[in-house]
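Beneath this line is the structure, given in structure tokens, with notes to follow.
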Amino acid sequence: MFPRLVAAEHRGTYQRQQLTSGIPEMDALLGGGIETGSSTLILGPAGTGKSLITMIFAAAAVARGEKAALFIFDEEMGLLFDRMKYLGIDLQALHDSGNLMIEQVDAAELSPGEFSHRVRRCVDQGDIKTVIIDSINGYQAAMPEENALVLHMHELLLYLNRKGAATFMTVAQHGLVGDMQAPVDITYLADTVILLRYFEALGKVRRAISIIKKRTGSHESTIREYRISSQGMTIGEPLEAFQGVLRGVPTYHGASMPLLVDENP
Ligand SMILES: Nc1ncnc2c1ncn2[C@@H]1O[C@H](COP(=O)(O)OP(=O)(O)OP(=O)(O)O)[C@@H](O)[C@H]1O
Ligand SMILES: [Mg+2]
């Protein structure tokens, strides 16, 4: 049995700060960065780079000398380590430094309430300021009832926010381009929502990033193209001459070509 987490009992005081990702274009999109004590949802179809973005924030936290915790639901840890290493993030080294706590969670063995309990214990004992939950789809598998999941997440996020931690969560949407459905809607729980999309232009599948909402301040309302390579994540200039990027099939209205130039044409 795990006691229900009642966030109202845990009001904390802390100084609100802005956390940066280390990628200037990402921070510009976010109006400077992500506030401590806020939650961020990264939403997008499979393979867009949701996990990578969370790891970028975790690595930035450790680089600042802070501690971060990573709860992985749906990936095999070894594969994740290999993949992220290729993309320029050495999770093993971050873990070995003692500043990145990584926990693999098996949704099949999780009872409702247990996950909140584990996150809370970890944050309280380890003075952790960045918490990553990858992914909510995985957590949902432990809680087939959407209402229960939303309630638990609501309490957990309130608790973490009051502790001054920044929480990053990912949700994989069904579909690849065009209309997309999320298996669970927690967009209204998150303070910031980062939306990732595939789009087609000039015969290639490209990726776009946009900030849909940010409760704690202003942000860019632009759509930017990004690319994932061994250099990590490269974000381009705002795609002002395109329409329909978020629908996945943009049309081009302009004279210049602001798309990222291909490294291997
Ligand atoms: N070795 C690699 N070389 C080039 N690109 C890679 C490599 N490894 C990963 N990528 C890119 O990174 C993307 C995966 O990033 P990430 O795991 O963050 O996506 P995700 O949105 O979390 O995916 P999922 O929905 O499956 O969890 C891949 O789609 C791929 O394009
Ligand atoms: Mg992922």
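The table below gives the values:
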item: Descending Cα extents along the principal axes, the range 7-252, whole Å; result: 52, 39, 37
item: Under-5 Å amide H pairs with residue 101, H placed in peptide plane, nonlocal only; result: 68, 69, 70
item: Phi to ³J(HN,Hα) by Karplus 6.51 cos²θ - 1.76 cosθ + 1.60 over the range 27-35, Hz, x for Gly, Pro; result: 5, 5, 4, 8, x, x, x, 10, 6
item: Sorted by Cβ density within 10 Å, fewest first, the residues 41, 246; result: 246, 41
item: For the chain: lysine pairs under 26 Å (alpha-carbon distance), excluding those fewer than 8 apart on one chain; result: 18
item: Cα shape, the range 205-253, gyration tensor, a/c 1.5 rule; result: oblate
item: Relative contact order (%) - criterion: Cα under 8 Å, at least six apart; region: the chain; result: 25 percent
item: Qualifying GluC sites (Glu not before Pro) for the range 131-232 [loop in DSSP, other Cβ within 10 Å: at most 14]; result: 145
item: Antiparallel DSSP beta bridges within the range 114-209, percent to nearest 5; result: 65 percent
item: Stretch gain in nm, segment residue 75-residue 95, where the contour uses 0.36 nm per residue and the Cα spacing is subtracted; result: 5.5 nm
item: Gain in span if fully extended, residue 205 to residue 118, counting 0.36 nm per residue against the direct Cα distance; result: 27.4 nm
item: DSSP-defined beta bridges in the range 7-252 - what % are antiparallel, rounded to 5; result: 50 percent
item: Inter-label distance for residue 64 and residue 179, nm, one decimal - labels placed 7 Å from Cα along Cα-to-Cβ; result: 4.1 nm
item: Length released on extending from residue 240 to residue 262, taking residue separation times 0.36 nm less the Cα-Cα span; result: 6.0 nm
item: All-pairs alpha carbon distance profile, the range 147-265, 10 Å steps from 0, percent; result: 11, 37, 31, 16, 5, 0
item: Table column - 3J(HN,Hα) (Hz), the range 148-159, Karplus curve with 6.51, -1.76, 1.60, x for Gly and Pro; result: 5, 4, 4, 5, 5, 5, 4, 5, 5, 5, 4, 4
item: Sequence-distant residues sharing a close amide H with residue 39 (under 5 Å, placed H); result: 167, 191, 192
item: Estimated inter-spin distance, residue 220 and residue 127, nm [label 7 Å along Cα→Cβ]; result: 3.5 nm
item: In Hz, Karplus ³J(HN,Hα) per residue of the range 109-118 (6.51, -1.76, 1.60; θ = phi - 60°; x = Gly, Pro); result: 10, 9, 9, x, x, 5, 5, 3, 4, 5
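No value in this document is a laboratory result; all are computed from the given coordinates. Source: prediction; values computed, not measured. Neighbour counts are summed over all protein chains in view; Cβ atoms, including those assigned to glycine, are modelled from backbone coordinates with ideal geometry.
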